[in-house]
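The values are calculated or read from the model by the stated rules, or taken from the named source; none is laboratory data. What you are looking at is a predicted structure, and each value in this text was computed from that prediction instead of being measured. All Cβ positions, even for glycine, are placed from backbone atoms using ideal geometry, and neighbour counts span all protein chains on display.
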Amino acid sequence: MKLTTTLTRPLLRSHLPKLLTPSPSPSPFSYTPIRHLGIPPAYLLDTYIPRHQLLTPIEVSKKRSLAHAHLQNCNLCPRRCNVNRYHKTGTCMIGAETAKVNVIAPHRGEEPCIQGYCGSGAVFFSGCNMRCVFCQNHEISHTLSGHDLTPTDLATWYLRLQNVGKVHNINLVTPEHVVPQVVLSILEAREMGLSIPVVYNTSSFDSLDSLKLLDGVVDIYLPDFKVWRVETARRLLKAEEYVETAKESIKAMYGQVGDLCFTSDGIAKKGVLVRHLVMPGLEEEGREIMRWLAREVSMDLYVHVMEQYRPDAYVGRRKRRNVEGGGDGEVRYKEINRAVREEEWGSVREAAVQAGLWRFCEVNEKGGFHL
Ligand code: SF4
């Protein structure tokens, strides 16, 4: 399950780049242009055309056929249910004709470069292929509440978000279990005039087949890398294959779209932004994740080390009383039943720097986007 972020400082017009600034000791001839808030040239785009606009008619029809084929024998995520979703459902409990959607709205709780000035066009899908005990969005992901929308319905909503909401992108939140429906909806929306980038906001529990289907459709991958140890994944995510899957998925995402790039307004248009939510007492796992990202993916990877963990979902609930009925039940997952300490977050952030990572999502002390 993905996490959304809350800005700790409002986004102000004064945060925009100042391209011309007087030098500290001005003289009549020492007016030097300084980029206070520059985007490194390697990550600056003059213009950007979303990838879905560049697909050829043959590629579109191949993707459509592949999407339907996957639904008839679904192995699209590591659960590998092998079911025909037109007739029955697998672990994710979602069929083939529709996706269940909880909320569609312009969203201002994402990273500054994703939400920008007008918001990100968020589509929160209900259900999930994971079962994280601490899920920070469990009202949506652990229930199947919401509306059943066909790919055509979804495409219509994307156009509304773009044309009425004026959002910067379409942000698909928890879409791993409905990738075929999502791909069909984007292909339809491009015919209807969709012209903004697509963000795939994932827990990284994706299969390579699924990412191949998304190649050419998604512009920005926003994967979480949650935990490092298999035992932790088994206990807290109920998915012991998570760690290896996340490694493989993030590498494949990076292979498709590379480093995060921006247009000069500071809005991200293409690339990978990896999130890691630091967990209480699990900071060593966070440090390992940072070292792996720098070593195996790229030191230029754009990373968000997140600190807003809170006990939620099953964490802190009491087990049932014992059979004799005596005593209070034990608190569940008590090892993560607290907030993260500042020093825990700091140690993960420091490990990231030590590993060579340098592009972080955080509030810029000098104001403006931190690019
Ligand atoms: S997407 Fe759903 S049906 Fe398909 S393999 Fe994953 S959990 Fe099973």
Whether any residue in region 75-93 is at pLDDT below 95 and of a type in the set (G, A, S) is what I want to check.
yes
Please verify whether K212 is of a type in the set (K, R), crowded, with 22+ Cβ neighbours inside 10 Å, modelled with pLDDT of 95 or more and within 25 Å of N75 (Cβ to Cβ), treating the condition exactly as stated.
no
When region 81-98 is examined, which residues are found to be on the phi > 0 side of the Ramachandran plot and free of Cβ contacts under 8 Å to residues at least 24 places away in the same chain?
N82
It is to be established whether one or more residues within region 178-195 are charged (D, E, K, R) and in contact with a Gly (Cβ under 8 Å, 6 or more places away or on another chain).
no
If I filter region 334-349 down to residues being of a type in the set (A, V, I, L, M, F, W, C) and part of a loop (DSSP other than H, G, I, E, B), which single residue comes out as farthest from H276 (Cα to Cα)?
A339
Condition broken by S141, with the remaining ones in (1) within 16 Å of the chain's Cα centre (by Cα); (2) near the ligand (Cβ under 9 Å from one of its atoms) satisfied:
(2)
Any idea which residue in region 52-102 is nearest to the ligand (Cβ to nearest atom), counting only those that are hydroxyl-bearing (S, T, Y) and within 22 Å of A239 (Cβ to Cβ)?
T91
Just one of (1) out of contact with any helix residue (DSSP H, G or I) (no Cβ under 7 Å at 6 or more places or on another chain); (2) part of a strand (DSSP E or B) trips up E231, so point out which.
(2)
Over region 164-182, the set of residues more than 14 Å from the ligand (Cβ to nearest atom) and more than 21 Å from G266 (Cα to Cα) is V164, V173
Please specify each residue of region 257-279 satisfying the condition of being farther than 17 Å from E111 by Cβ and either more than 16 Å from the chain's Cα centre (by Cα) or surrounded by 20 or more Cβ atoms within 10 Å (Cβ to Cβ) (or both).
S264, M279
Over region 46-82, the set of residues within 26 Å of G271 (Cβ to Cβ) and among the charged types (D, E, K, R) is D46, R51, E59, K62, K63
Residues that are touching a residue at least 40 places away in the same chain (Cβ under 8 Å), at positive phi and not hydrophobic (A, V, I, L, M, F, W, C): does region 99-111 have at least one?
no
Where residues in region 166-184 are in a loop (DSSP other than H, G, I, E, B) and surrounded by 17 or more Cβ atoms within 10 Å (Cβ to Cβ), which of them is farthest from the chain's Cα centre (by Cα)?
V167
Test of understanding: among L161, L144, L187, which residue is in a helix (DSSP H, G or I) and in contact with a strand residue (DSSP E or B) (Cβ under 7 Å, 6 or more places away or on another chain)?
L161
Can you confirm whether region 71-86 contains a residue that is closer than 20 Å to V217 by Cβ and in contact with a Pro (Cβ under 6 Å, 6 or more places away or on another chain)?
yes
